[in-house]
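Here's the structure we're looking at; comments come further down.
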Amino acid sequence: MKAQNTPIVTNLFTADPSAHVYLDKIYIYPSHDIPHNGEDNDNGDEYQMEDYHIFSMDENSDEVTDHGMVLHQDDVEWVSNQMWAPDCVFKNGIYHLVFPARDKDGNFRLGIAEGKSPEGPFTPRKECIEGSFSIDPCSFIDDDEKVYFYFGGLWGGQLEKYRTGSFDPNGTEPPKNEHAVWPKVALMKDDMTGFAEEPRDLVILDENGKELLAGDEDRRYFEDPWMYKRGDKYYFTYSTGTTHYIVYAVSDSPYGPFTYQGRILEPVLGWTTHHSIVDYHGKTYLFYHDCELSNGINHRRNVKYCELNFNADGTIQTITPEYK
Ligand code: FUB
(Lines give C-alpha, C1' and ligand atoms only; values in the text may rest on other atoms or scores of the structure.)
Protein backbone atom coordinates (compact mmCIF):
# COMPACT_ATOMS: atom_id res chain seq x y z
CA MET A 1 0.00 0.00 0.00
CA LYS A 2 1.55 3.25 -1.16
CA ALA A 3 0.02 6.52 0.03
CA GLN A 4 -0.84 8.36 -3.13
CA ASN A 5 -2.44 11.66 -4.01
CA THR A 6 -4.20 10.14 -6.99
CA PRO A 7 -7.79 8.89 -7.31
CA ILE A 8 -8.03 5.42 -5.76
CA VAL A 9 -11.42 4.57 -7.28
CA THR A 10 -11.85 5.31 -10.98
CA ASN A 11 -14.90 3.24 -12.02
CA LEU A 12 -17.29 5.43 -9.98
CA PHE A 13 -17.28 8.98 -8.66
CA THR A 14 -16.72 8.80 -4.90
CA ALA A 15 -16.52 11.44 -2.17
CA ASP A 16 -16.70 12.04 1.61
CA PRO A 17 -14.49 9.06 2.58
CA SER A 18 -14.81 7.74 6.15
CA ALA A 19 -11.94 5.30 6.69
CA HIS A 20 -11.74 2.69 9.48
CA VAL A 21 -9.55 -0.33 10.18
CA TYR A 22 -11.53 -3.57 10.51
CA LEU A 23 -10.13 -7.10 10.27
CA ASP A 24 -6.65 -5.64 9.57
CA LYS A 25 -7.81 -3.84 6.39
CA ILE A 26 -8.77 -0.24 5.73
CA TYR A 27 -12.46 0.00 4.88
CA ILE A 28 -13.67 3.16 3.14
CA TYR A 29 -17.28 4.33 3.45
CA PRO A 30 -17.77 7.11 0.86
CA SER A 31 -20.62 8.87 -0.91
CA HIS A 32 -21.31 7.76 -4.48
CA ASP A 33 -21.60 10.81 -6.75
CA ILE A 34 -23.93 10.52 -9.73
CA PRO A 35 -23.01 12.35 -12.94
CA HIS A 36 -25.74 14.65 -14.29
CA ASN A 37 -25.85 17.98 -16.03
CA GLY A 38 -27.85 19.93 -13.44
CA GLU A 39 -26.52 23.17 -12.03
CA ASP A 40 -24.63 23.67 -8.77
CA ASN A 41 -26.34 25.78 -6.10
CA ASP A 42 -25.97 26.72 -2.41
CA ASN A 43 -28.63 24.14 -1.48
CA GLY A 44 -26.43 21.25 -2.62
CA ASP A 45 -29.00 20.10 -5.20
CA GLU A 46 -26.15 18.86 -7.39
CA TYR A 47 -25.37 16.10 -4.88
CA GLN A 48 -28.04 13.61 -5.92
CA MET A 49 -26.51 10.45 -4.48
CA GLU A 50 -28.79 7.39 -4.27
CA ASP A 51 -26.70 4.57 -2.85
CA TYR A 52 -23.51 3.48 -1.11
CA HIS A 53 -20.61 1.31 -2.22
CA ILE A 54 -17.95 0.18 0.25
CA PHE A 55 -14.27 -0.23 -0.60
CA SER A 56 -11.32 -1.87 1.13
CA MET A 57 -7.56 -1.97 0.80
CA ASP A 58 -4.72 -3.56 2.73
CA GLU A 59 -1.03 -3.26 3.46
CA ASN A 60 0.08 -5.62 0.69
CA SER A 61 -1.49 -4.04 -2.35
CA ASP A 62 -2.35 -0.79 -4.07
CA GLU A 63 -5.57 -2.42 -5.32
CA VAL A 64 -8.82 -1.12 -3.90
CA THR A 65 -11.68 -3.65 -3.74
CA ASP A 66 -15.21 -2.44 -4.54
CA HIS A 67 -17.60 -4.52 -2.43
CA GLY A 68 -20.53 -3.33 -4.51
CA MET A 69 -23.72 -1.50 -3.68
CA VAL A 70 -24.65 -2.11 -0.03
CA LEU A 71 -27.62 0.21 0.43
CA HIS A 72 -29.98 2.09 -1.90
CA GLN A 73 -32.38 4.89 -1.00
CA ASP A 74 -35.35 2.83 -2.28
CA ASP A 75 -34.65 0.28 0.47
CA VAL A 76 -34.96 2.80 3.32
CA GLU A 77 -38.57 3.56 4.29
CA TRP A 78 -37.98 7.02 5.78
CA VAL A 79 -35.72 8.33 2.96
CA SER A 80 -36.77 10.38 -0.06
CA ASN A 81 -33.41 11.27 -1.63
CA GLN A 82 -29.82 12.58 -1.30
CA MET A 83 -27.88 9.93 0.60
CA TRP A 84 -24.87 12.01 1.56
CA ALA A 85 -21.65 11.44 3.53
CA PRO A 86 -21.80 8.17 5.55
CA ASP A 87 -19.71 6.63 8.30
CA CYS A 88 -19.47 3.28 10.10
CA VAL A 89 -19.04 2.23 13.74
CA PHE A 90 -18.50 -1.29 15.12
CA LYS A 91 -20.29 -1.70 18.43
CA ASN A 92 -21.89 -4.69 20.22
CA GLY A 93 -20.63 -7.02 17.45
CA ILE A 94 -22.54 -5.10 14.76
CA TYR A 95 -21.28 -2.79 12.01
CA HIS A 96 -23.51 0.29 12.00
CA LEU A 97 -23.56 2.16 8.70
CA VAL A 98 -24.58 5.69 9.64
CA PHE A 99 -25.90 8.01 6.96
CA PRO A 100 -27.76 11.28 6.34
CA ALA A 101 -30.57 11.63 3.82
CA ARG A 102 -33.64 13.75 3.22
CA ASP A 103 -36.80 12.38 4.78
CA LYS A 104 -40.22 12.45 3.11
CA ASP A 105 -40.65 16.11 4.23
CA GLY A 106 -37.37 17.09 2.55
CA ASN A 107 -35.42 17.56 5.81
CA PHE A 108 -32.09 15.89 6.45
CA ARG A 109 -32.08 13.20 9.18
CA LEU A 110 -29.57 10.57 10.26
CA GLY A 111 -30.18 6.86 9.86
CA ILE A 112 -28.52 3.54 10.66
CA ALA A 113 -28.27 0.28 8.74
CA GLU A 114 -26.82 -2.80 10.44
CA GLY A 115 -24.54 -5.54 9.17
CA LYS A 116 -22.49 -8.47 10.44
CA SER A 117 -19.52 -7.68 8.20
CA PRO A 118 -17.74 -4.36 7.50
CA GLU A 119 -18.58 -4.73 3.80
CA GLY A 120 -22.27 -5.40 4.39
CA PRO A 121 -24.92 -6.36 3.50
CA PHE A 122 -26.62 -3.73 5.66
CA THR A 123 -30.25 -3.80 6.80
CA PRO A 124 -31.70 -0.32 7.30
CA ARG A 125 -33.81 0.53 10.31
CA LYS A 126 -37.38 1.54 9.52
CA GLU A 127 -37.05 4.92 11.24
CA CYS A 128 -34.34 7.56 11.33
CA ILE A 129 -32.63 8.32 14.66
CA GLU A 130 -35.17 10.13 16.82
CA GLY A 131 -34.18 13.77 17.32
CA SER A 132 -31.58 13.68 14.53
CA PHE A 133 -31.15 16.41 11.94
CA SER A 134 -28.67 17.89 9.42
CA ILE A 135 -25.84 15.93 7.76
CA ASP A 136 -22.33 14.46 7.91
CA PRO A 137 -22.57 12.03 10.85
CA CYS A 138 -19.18 11.01 12.22
CA SER A 139 -19.22 8.21 14.79
CA PHE A 140 -16.40 8.07 17.32
CA ILE A 141 -15.83 5.20 19.74
CA ASP A 142 -13.77 6.22 22.74
CA ASP A 143 -11.37 4.03 24.77
CA ASP A 144 -14.20 3.32 27.25
CA GLU A 145 -16.36 2.02 24.35
CA LYS A 146 -18.77 4.95 24.55
CA VAL A 147 -19.96 6.04 21.10
CA TYR A 148 -20.43 9.70 20.21
CA PHE A 149 -22.02 11.07 17.06
CA TYR A 150 -20.74 14.37 15.67
CA PHE A 151 -22.79 15.96 12.90
CA GLY A 152 -24.00 19.08 11.13
CA GLY A 153 -23.47 21.07 7.97
CA LEU A 154 -24.46 24.58 6.88
CA TRP A 155 -26.53 25.62 3.83
CA GLY A 156 -27.68 22.43 2.02
CA GLY A 157 -27.09 20.59 5.30
CA GLN A 158 -29.60 22.90 7.09
CA LEU A 159 -27.63 23.27 10.35
CA GLU A 160 -28.31 27.04 10.59
CA LYS A 161 -32.04 26.28 10.56
CA TYR A 162 -31.70 24.64 14.02
CA ARG A 163 -30.01 27.60 15.78
CA THR A 164 -33.01 28.20 17.99
CA GLY A 165 -33.15 24.57 19.13
CA SER A 166 -35.93 23.56 16.76
CA PHE A 167 -36.38 23.66 12.99
CA ASP A 168 -36.93 27.14 11.54
CA PRO A 169 -37.37 26.93 7.74
CA ASN A 170 -36.24 30.57 7.49
CA GLY A 171 -33.24 30.16 9.80
CA THR A 172 -30.03 31.82 8.62
CA GLU A 173 -26.42 32.07 9.71
CA PRO A 174 -25.83 34.58 12.53
CA PRO A 175 -24.38 38.07 11.91
CA LYS A 176 -20.61 37.95 11.33
CA ASN A 177 -19.78 39.36 14.80
CA GLU A 178 -21.78 36.70 16.69
CA HIS A 179 -20.44 33.28 17.55
CA ALA A 180 -20.47 30.75 14.71
CA VAL A 181 -23.08 28.04 14.29
CA TRP A 182 -21.73 25.10 16.29
CA PRO A 183 -21.60 21.49 15.10
CA LYS A 184 -23.41 18.97 17.31
CA VAL A 185 -22.27 16.07 19.48
CA ALA A 186 -24.44 13.43 21.15
CA LEU A 187 -23.60 10.35 23.19
CA MET A 188 -25.30 7.24 21.81
CA LYS A 189 -27.19 4.77 23.98
CA ASP A 190 -25.12 1.67 24.74
CA ASP A 191 -27.47 -0.47 22.62
CA MET A 192 -27.14 2.06 19.74
CA THR A 193 -30.91 2.48 19.43
CA GLY A 194 -30.68 6.27 19.57
CA PHE A 195 -29.20 9.36 21.18
CA ALA A 196 -28.69 9.02 24.95
CA GLU A 197 -29.01 12.80 25.29
CA GLU A 198 -30.11 15.92 23.45
CA PRO A 199 -27.42 16.84 20.92
CA ARG A 200 -25.08 19.43 22.44
CA ASP A 201 -23.24 22.35 20.85
CA LEU A 202 -19.57 21.64 20.17
CA VAL A 203 -17.91 24.96 20.93
CA ILE A 204 -14.67 25.98 19.21
CA LEU A 205 -12.49 28.70 20.79
CA ASP A 206 -9.63 30.77 19.44
CA GLU A 207 -6.15 31.02 21.00
CA ASN A 208 -7.48 33.58 23.52
CA GLY A 209 -10.35 31.40 24.70
CA LYS A 210 -12.94 33.40 22.72
CA GLU A 211 -15.66 31.66 20.71
CA LEU A 212 -14.97 31.59 16.95
CA LEU A 213 -17.17 34.11 15.15
CA ALA A 214 -19.53 33.45 12.25
CA GLY A 215 -17.51 35.90 10.14
CA ASP A 216 -14.25 34.03 10.77
CA GLU A 217 -14.69 31.89 7.67
CA ASP A 218 -11.06 30.72 7.64
CA ARG A 219 -11.61 28.93 10.96
CA ARG A 220 -15.29 28.47 11.77
CA TYR A 221 -17.08 25.13 11.33
CA PHE A 222 -19.00 24.55 8.09
CA GLU A 223 -19.37 20.74 7.67
CA ASP A 224 -17.44 17.43 7.60
CA PRO A 225 -16.72 16.60 11.28
CA TRP A 226 -14.21 13.91 12.25
CA MET A 227 -12.91 12.90 15.65
CA TYR A 228 -9.40 11.51 16.03
CA LYS A 229 -7.84 10.63 19.38
CA ARG A 230 -4.08 10.74 19.92
CA GLY A 231 -2.95 9.86 23.44
CA ASP A 232 -5.36 11.71 25.73
CA LYS A 233 -6.08 14.50 23.24
CA TYR A 234 -9.23 14.73 21.15
CA TYR A 235 -8.68 16.25 17.70
CA PHE A 236 -11.89 17.61 16.20
CA THR A 237 -11.24 18.08 12.49
CA TYR A 238 -13.59 19.71 9.98
CA SER A 239 -14.11 21.69 6.79
CA THR A 240 -14.45 25.48 6.71
CA GLY A 241 -16.65 25.15 3.59
CA THR A 242 -16.63 28.59 1.98
CA THR A 243 -12.86 28.94 2.43
CA HIS A 244 -12.20 25.27 1.56
CA TYR A 245 -9.77 24.28 4.34
CA ILE A 246 -9.64 21.14 6.46
CA VAL A 247 -8.66 22.38 9.92
CA TYR A 248 -8.44 21.06 13.50
CA ALA A 249 -9.14 21.99 17.09
CA VAL A 250 -8.04 20.12 20.23
CA SER A 251 -9.63 19.34 23.62
CA ASP A 252 -9.22 17.09 26.66
CA SER A 253 -12.87 16.00 26.38
CA PRO A 254 -14.96 14.52 23.54
CA TYR A 255 -17.51 17.26 24.28
CA GLY A 256 -15.00 20.13 24.16
CA PRO A 257 -14.68 23.03 24.31
CA PHE A 258 -12.10 22.72 21.55
CA THR A 259 -9.32 25.20 20.80
CA TYR A 260 -8.53 25.94 17.17
CA GLN A 261 -5.00 24.86 16.16
CA GLY A 262 -4.44 25.17 12.42
CA ARG A 263 -4.85 23.72 8.95
CA ILE A 264 -4.55 20.11 7.89
CA LEU A 265 -5.29 20.42 4.16
CA GLU A 266 -5.13 23.47 1.90
CA PRO A 267 -7.90 23.81 -0.74
CA VAL A 268 -8.24 21.03 -3.29
CA LEU A 269 -9.64 21.16 -6.83
CA GLY A 270 -13.42 21.53 -6.42
CA TRP A 271 -15.69 23.38 -3.97
CA THR A 272 -16.15 20.78 -1.24
CA THR A 273 -13.46 19.22 0.86
CA HIS A 274 -14.23 16.30 3.18
CA HIS A 275 -11.93 13.93 5.03
CA SER A 276 -11.20 11.27 7.65
CA ILE A 277 -8.09 10.25 9.59
CA VAL A 278 -7.07 6.67 10.38
CA ASP A 279 -4.09 4.91 11.97
CA TYR A 280 -2.91 1.78 10.19
CA HIS A 281 0.22 -0.30 10.72
CA GLY A 282 2.15 2.47 12.48
CA LYS A 283 1.25 5.32 10.14
CA THR A 284 -1.53 7.88 10.08
CA TYR A 285 -3.43 8.55 6.85
CA LEU A 286 -5.65 11.36 5.65
CA PHE A 287 -8.45 10.30 3.30
CA TYR A 288 -10.07 13.13 1.33
CA HIS A 289 -11.62 13.91 -2.03
CA ASP A 290 -11.18 16.34 -4.87
CA CYS A 291 -12.47 16.65 -8.44
CA GLU A 292 -9.38 15.61 -10.39
CA LEU A 293 -11.08 12.79 -12.33
CA SER A 294 -13.77 15.12 -13.65
CA ASN A 295 -11.40 18.05 -14.12
CA GLY A 296 -13.18 20.17 -11.52
CA ILE A 297 -16.88 19.31 -11.78
CA ASN A 298 -18.07 19.81 -8.18
CA HIS A 299 -20.42 16.83 -7.98
CA ARG A 300 -18.11 14.34 -9.73
CA ARG A 301 -15.52 13.73 -7.05
CA ASN A 302 -12.89 11.11 -6.31
CA VAL A 303 -11.35 9.76 -3.11
CA LYS A 304 -7.61 10.04 -2.47
CA TYR A 305 -5.34 9.50 0.52
CA CYS A 306 -1.92 10.48 1.77
CA GLU A 307 0.17 10.16 4.92
CA LEU A 308 -0.48 12.63 7.73
CA ASN A 309 2.44 13.65 9.93
CA PHE A 310 2.52 15.15 13.42
CA ASN A 311 5.19 17.33 14.99
CA ALA A 312 6.68 16.42 18.38
CA ASP A 313 4.32 18.87 20.12
CA GLY A 314 1.24 17.16 18.67
CA THR A 315 0.53 19.76 15.98
CA ILE A 316 -0.24 18.54 12.48
CA GLN A 317 1.91 19.23 9.42
CA THR A 318 -0.24 21.01 6.81
CA ILE A 319 -0.64 19.28 3.45
CA THR A 320 -0.76 21.28 0.22
CA PRO A 321 -2.28 19.36 -2.68
CA GLU A 322 -0.25 19.46 -5.86
CA TYR A 323 -1.66 19.34 -9.38
CA LYS A 324 0.25 19.02 -12.64
O1 FUB B 1 -21.39 15.02 -0.41
C2 FUB B 1 -22.35 16.00 -0.09
C3 FUB B 1 -21.77 17.01 0.84
O4 FUB B 1 -20.64 17.62 0.25
C5 FUB B 1 -21.25 16.47 2.14
O6 FUB B 1 -22.27 16.18 3.05
C7 FUB B 1 -20.37 17.57 2.55
O8 FUB B 1 -19.50 17.28 3.62
C9 FUB B 1 -19.64 17.86 1.25
O10 FUB B 1 -18.56 17.01 1.05
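The values are calculated or read from the model by the stated rules, or taken from the named source; none is laboratory data. Everything numeric in this text was worked out from a predicted model, so none of it was measured. Reconstructed Cβ throughout: ideal geometry from the backbone, glycine too, with neighbour counts over all protein chains shown. Only protein heavy atoms, including side chains, enter the accessible area calculation; ligands, DNA and RNA are left aside. Shrake-Rupley method; radii C 1.70, N 1.55, O 1.52, S 1.80 Å.
Side notes on the structure shown:
- Solvent-accessible area per residue in the chain equals 42 Å², computed with a 1.4 angstrom probe and all protein chains kept.
- Taking the convex hull of Cα positions in the chain, its mean projected area over all directions (nm²): 15.6 nm²
- Normalised by the number of residues in segment 1-126, the average gap of Cα pairs under 8 Å and 6 or more apart makes the relative contact order 19 percent.
- Calculated diffusion of segment 42-170, Stokes-Einstein form, Kirkwood radius summed over Cα pairs, 25 °C and 0.890 mPa s, µm²/s: 158 µm²/s
- Accessible area of Glu50 (1.4 Å probe, protein heavy atoms only, ligands and nucleic acids ignored): about 70 Å².
- Among Ala196, Ala85, Ala180: highest mean-square fluctuation, GNM of the chain, C-alpha pairs under 10 Å: Ala196
- Length available on full extension from Asp313 to Thr164: 0.36 nm per residue minus the Cα-Cα distance, which gives 49.8 nm.
- Amide N proximity, segment 177-204 versus Asn107 label position 7 Å along Cα-to-Cβ, cut-off under 17 Å: 184, 195, 198-200
- Length-normalised contact order for segment 95-193 - Cα pairs under 8 Å, 6+ apart - percent: 20 percent
- Residue among Asn107, Asn41, Asn170 with the largest mean-square fluctuation in a Gaussian network model of the chain, springs linking Cα atoms under 10 Å: Asn170
- Accessible surface, 1.4 Å probe, highest first, among residues Lys229, Lys283, Lys176: Lys176, Lys283, Lys229
- Convex hull volume per residue in cubic angstrom - Cα atoms of segment 130-211: 110 Å³
- Given their separation in residues at 0.36 nm each and the Cα-Cα distance between them, Ile94 and Glu266 gain 58.3 nm when the chain is fully extended.
- Förster radius 30 Å - calculated FRET efficiency between Asp42 and Asp143 (Cβ-Cβ, nearest 0.05): 0.15
- When segment 13-307 is described by a simple charge dipole with +1 on each Lys and Arg Cβ and -1 on each Asp and Glu Cβ, the residue from Gly171, Ser251, Gly156 located farthest towards its positive end is Ser251.
- Centroid-to-centroid separation of segment 149-168 and segment 1-67 [C-alpha atoms, Å]: 25 Å
- Accessible area, probe 1.4 Å, largest first, for residues Glu223, Glu178, Glu127: Glu127, Glu178, Glu223
- Amide H to amide H, with H built 1.01 Å from N, Cys88 comes under 5 Å of Val98, Ser139, counting only residues 5 or more places away or on other chains.
- Of all accessible heavy-atom area on the chain, the percent that carbon and sulfur account for (1.4 Å): 44 percent
- Protein-only accessible surface order, largest first, of Arg220, Arg109 at 1.4 Å: Arg109, Arg220
- Rg over Rh, two decimals, segment 23-98 (C-alpha only, Kirkwood Rh): 1.03
- Note on Ile34: accessible area approximately 50 square angstrom, rounded to 10, probe 1.4 Å, nucleic acids and ligands left out.
- Most fluctuating residue given options Asp40, Asp218, Asp66, as computed from a GNM of the chain linking Cα atoms under 10 Å: Asp40
- Percent RCO, i.e. relative contact order, over the chain, from Cα pairs under 8 Å lying at least 6 residues apart: 15 percent
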